[in-house]
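See below for the structure under consideration.
The values are calculated or read from the model by the stated rules, or taken from the named source; none is laboratory data. Quick caveat: nothing in here was measured; it's all calculated off a predicted structure. Here the Cβ positions follow ideal geometry from the backbone for every residue, glycine too, while neighbour counts run over all protein chains shown. All accessible areas refer to the heavy atoms of the entire protein, side chains included, with ligands and DNA or RNA removed. Shrake-Rupley method; radii C 1.70, N 1.55, O 1.52, S 1.80 Å.
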Amino acid sequence: MTQSLVCPETVSRVSSVLNRNSRQFGKKHLFDQDEETCWNSDQGPSQWVSLEFPQCVQITQLQVQFQGGFSSRHSRLEGSRGGEALCQVVDVYPEDTNALQTFSIPTMEVDRLKLTFEDTTDFFGRVVIYHLRVLGEKAG
């Protein structure tokens, strides 16, 4: 059964936070299901989000809701398990829209993911995400 794989024990990291204001724009807002909050990166190339799961998971879908004008035209998803080096899973090509976008992912068992936003629509390289969901099944 497909379910959200991000849980309270999942460790998340981000490349940056706008003005270092984690209270207003921090990574916790990626997963809070609140339409009013978001993660807002600071400016710069190759913004990213990484996730470390408490156990291996089988990912099948990735859902992202950007703020239009602050999205990514090309994003790279990498994954690994058991402390191995990250390897590329898939490239995704989001639209510059406010809509929740769903990407099918080749089923892969991982305990670590990294999503890198390669080509941002904002001139300064900022990324704004309201929702990030990793869907699949817990392995085992």
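Using a 1.4 Å probe over the heavy atoms of the protein chains, calculate the carbon and sulfur portion of the accessible area of segment 22-71 as a whole percent. Each step should come with its number before you reach the end.
On the way: 1080 of 2380 Å².
Roughly 45 percent, rounded to a whole number.
Cross-link partners among aspartates and glutamates for K27, C-alpha distance below 17 Å, same-chain residues fewer than 8 apart left out?
Leaving aside aspartates and glutamates fewer than 8 places away in the same chain, those within reach of K27 are E9, E35, E36, D42, E52.
Provide the per-residue ³J(HN,Hα) series for segment 9-23, in order, calculated from phi with Karplus coefficients 6.51, -1.76, 1.60 and θ = phi - 60°, each as a whole number of Hz, with x at glycine and proline positions.
My calculation for segment 9-23 gives 7, 6, 8, 10, 9, 10, 5, 6, 9, 3, 6, 6, 8, 5, 4 Hz in order.
Could you compute the net charge surrounding G125? Neighbours are other residues with a C-beta less than 13 Å from the C-beta of G125; K and R count +1, D and E count -1. Present the calculation step by step, with values, prior to reporting the outcome.
Numbers: positive: R73, R126; negative: D42, E118, D119, D122.
Once all neighbours under 13 Å are counted, the net charge is -2.
Starting from the Cα coordinates of the chain, work out the convex hull volume and express it per residue in Å³.
102 Å³
At 0.36 nm per residue, minus the direct Cα-Cα distance, what do F103 and R73 gain on full extension? Give it in nm, one decimal, please. Write out the running numbers ahead of the final one.
Working: separation 30, 0.36 × 30 = 10.80 nm, distance 1.34 nm.
Length gained between F103 and R73: 9.5 nm.
Mind putting a number on the dipole of the chain about its Cα centre? Charges go on the C-beta only, +1 for Lys and Arg and -1 for Asp and Glu, and I need it in Debye to the nearest 20. All intermediate terms of the calculation are to be shown ahead of the outcome.
Working: 13 positive and 18 negative charges, 63 e Å.
Roughly 300 debye, rounded to the nearest 20.
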